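The values are calculated or read from the model by the stated rules, or taken from the named source; none is laboratory data. This is a predicted model, so every value here is computed, not measured. Ideal geometry is used to build each Cβ from the backbone, glycine not excepted, and the neighbour counts take in all protein chains shown. The area values use the complete protein model at the heavy-atom level, side chains included, leaving out ligands, DNA and RNA. Shrake-Rupley method; radii C 1.70, N 1.55, O 1.52, S 1.80 Å.
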Amino acid sequence: MKRRSLLKASCAAALMAARGARAQAQSPIIIKFSHVVAGNTPKGKAAERFKLLAEQATKGRVRIEVYPNSTLYKDKEELEALQLGAVQMLAPSLAKFGPFGVKEFEIFDLPYIFPGKEVLYRVTDGPIGRDLFRKLEPKGITGLAYWDNGFKVMSANRPLHLPKDFRGLKMRIQSSKVLDAQMRALGASPQVLAFSEVYQALQTGVVDGTENPPSNLFSQKMYEVQKHVTVSDHGYLGYAVIVNKKFWDGLPSDIRDALQAAMKEATQYANAIAQQENDAALVALQKTGKTTIYRLSDAEKLEWRKALLPVQKQAEERIGKDWIAAVNREAAAVAGK
C-alpha cells in the first residue's frame, strides 16, 4: 500500500510538473516599454506601432506593455530601472546618455551641428551611430534604433528673435552640459528639470521658457503657459530605443530576430511621421490663439548661429574632437553633393 501511495504521489507530482512546464512554455515573454512623453507624440505612436508589429511577428510569444507619460518611471529613474531589469525597454532622449557617463552622445545636443535630416540620418544610420551604441554595452545596455523627433523650437513669455532676448530668462533644459553651455551662450540661466515637471514649472514661474520639438510642446499643452514660440531649428531632439543587454541576449534567437525586424519597421514609421507631426503641431499651436509663432529671418538665424557656434569648440574636450569632426565631415559631404 505504501509503495502504491508513493507511486501515485510521484505520478501526480510528475503530471503537475509537466503541466507547469507547458504553462510556462506557453506564457508570453513580457517586455515593459517605458517612456516619458504622451502617447500621441511621434515616440508614443512609434512605441504602439512596435508593440503591434512585435506581437504579430512573434505570434503572441511576446507581449509588449507600453507605459507612456512617465507612468512607470521618470527621467532620472528610467535608465537605472533598465539596468536593474525592472523594465526591459526604453526610448530616452539622446541627451540622457551624457550624464549617464557616455559623453559622446552629447554630440546630438550641439546647436546647429545638423544642417538637415540628410546629415542626421547619415550619422544615426552609419558608423557613427553604431559606434555610439557600442559604448552603451559595458553599462549593460543594447541599442536597437534611433527614433527621430525633429528639430527644436524655443518658447517663453516674451518674443525671442535675437540672442539678446534671452538675457535674464530661466530656461528649462535636459541634464546636458552642452545644453547648459548653449543657454549660457544666449545669456539665459539654464535650469535642469524632468520633462514631467516642465508644465507646472512654466505655470508657476519656476522657469520662464524651454526648448522642444513642436509635437512635445503641443502634446503637453505648454502653449497654455507660453505666449511666444520661435521656430529656430537650433538643436535636435531624438531618441535611442534601448534594451537591457542581459535580457536581450537571453532571448531565443528567433524571437530576437522577429523583434529586430519589428523594430526596423517601427523605426521607419517613427522617422516618417516625425516631421509631419511637428508641422501639424505648429499649425495646431497657431489655431489655439494662445501662442504667437515666429519664424526667424535669415539675418536673425545668422545671429543665433554666431552666438551658438562657439559651444561646439567648448565641447571638444568633453565630447571628443574626433567625434565632432566626424559629424562635420558628414555635413560637408552632403553640402558638396
Output the residue which, of all residues in segment 67-78 that are open to solvent by 50 Å² or more (accessible area, probe 1.4 Å) and either assigned to a helix (DSSP H, G or I) or under 15 Å from residue 44 (Cβ atoms) (or both), is modelled with the lowest pLDDT. 76
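Here's the yes/no breakdown for (1) surrounded by 16 or more Cβ atoms within 10 Å (Cβ to Cβ); (2) of a type outside the set (A, V, I, L, M, F, W, C); (3) more than 22 Å from residue 89 (Cα to Cα):
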site: 113; (1), (2), (3): yes, no, yes
site: 122; (1), (2), (3): yes, yes, yes
site: 125; (1), (2), (3): no, yes, no
site: 144; (1), (2), (3): yes, no, no
site: 149; (1), (2), (3): yes, yes, no
Do we find that residue 286 is open to solvent by 90 Å² or more (accessible area, probe 1.4 Å) and either acidic (Asp, Glu) or at pLDDT below 95 (or both) in this structure? yes
So which of 199, 236, 223 is open to solvent by 50 Å² or more (accessible area, probe 1.4 Å) and at pLDDT 95 or above? 199
Filter segment 5-32 for residues that are at pLDDT 50 or above and open to solvent by 60 Å² or more (accessible area, probe 1.4 Å); which is nearest to residue 237 (Cα to Cα)? 32
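What tally of residues in segment 45-61 results from selecting those that are open to solvent by 30 Å² or more (accessible area, probe 1.4 Å) and either touching a Lys or Arg at 6+ places or on another chain (Cβ under 8 Å) or in a loop (DSSP other than H, G, I, E, B) (or both)? Write out each step before concluding.
Within segment 45-61, the subset open to solvent by 30 Å² or more (accessible area, probe 1.4 Å) is 45, 48-49, 51-52, 55-57, 59-61.
Right, trim to either touching a Lys or Arg at 6+ places or on another chain (Cβ under 8 Å) or in a loop (DSSP other than H, G, I, E, B) (or both) and you get 55, 59-61.
So the count comes out to 4.
Which of the residues belonging to segment 166-175 are in a loop (DSSP other than H, G, I, E, B), touching a strand residue (DSSP E or B) at 6+ places or on another chain (Cβ under 9 Å) and within 20 Å of residue 310 (Cβ to Cβ)? Spell out how you get there, then give the answer.
Keep residues of segment 166-175 that are in a loop (DSSP other than H, G, I, E, B), which gives 167-169, 174-175.
Then drop every residue that is not touching a strand residue (DSSP E or B) at 6+ places or on another chain (Cβ under 9 Å), which leaves 168-169, 174-175.
Selection gives 169 alone.
State yes or no: is residue 301 over 18 Å from residue 115 (Cβ atoms) and of a type in the set (Lys, Arg)?
On the way: over 18 Å from residue 115 (Cβ atoms): no; of a type in the set (Lys, Arg): yes.
Spelling it out, it is not the case that residue 301 is over 18 Å from residue 115 (Cβ atoms) and of a type in the set (Lys, Arg).
If I go through segment 82-96 residue by residue, how many of them are buried (at least 18 other Cβ atoms within 10 Å of the Cβ) and assigned to a helix (DSSP H, G or I)?
Total satisfying the criteria: 4.
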Please go through (1) free of Cβ contacts under 8 Å to residues at least 40 places away in the same chain; (2) in a helix (DSSP H, G or I); (3) open to solvent by less than 10 Å² (accessible area, probe 1.4 Å) for residue 64 and return the number of the only condition it doesn't satisfy. (2)
Within segment 165-175, can one find any residue that is open to solvent by less than 10 Å² (accessible area, probe 1.4 Å), in contact with a helix residue (DSSP H, G or I) (Cβ under 8 Å, 6 or more places away or on another chain), of a type in the set (A, V, I, L, M, F, W, C) and in contact (Cβ under 8 Å) with a residue 60 or more places away in the chain? no
Flagged pairs (Cβ under 8 angstrom, 6 or more apart or on separate chains; first in segment 273-295, in a strand (DSSP E or B); second buried (at least 17 other Cβ atoms within 10 Å of the Cβ) and polar (S, T, N, Q)) are 294/230; 295/230
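Could you pull out the residue among 105, 114 that is modelled with pLDDT of 95 or more and outside any loop (DSSP other than H, G, I, E, B)? Give the steps one after another, and end with the answer.
On the way: 114 fails: outside any loop (DSSP other than H, G, I, E, B).
Going through 105, 114 in turn, just one is modelled with pLDDT of 95 or more and outside any loop (DSSP other than H, G, I, E, B): 105.
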Residue 99: passes all of (1) assigned to a helix (DSSP H, G or I); (2) touching a Ser or Thr at 6+ places or on another chain (Cβ under 8 Å); (3) open to solvent by 50 Å² or more (accessible area, probe 1.4 Å) but (1)
Please indicate, with yes or no, whether at least one residue in segment 33-43 is under 27 Å from residue 326 (Cβ atoms), open to solvent by less than 30 Å² (accessible area, probe 1.4 Å) and either in a loop (DSSP other than H, G, I, E, B) or among the polar types (S, T, N, Q) (or both). no
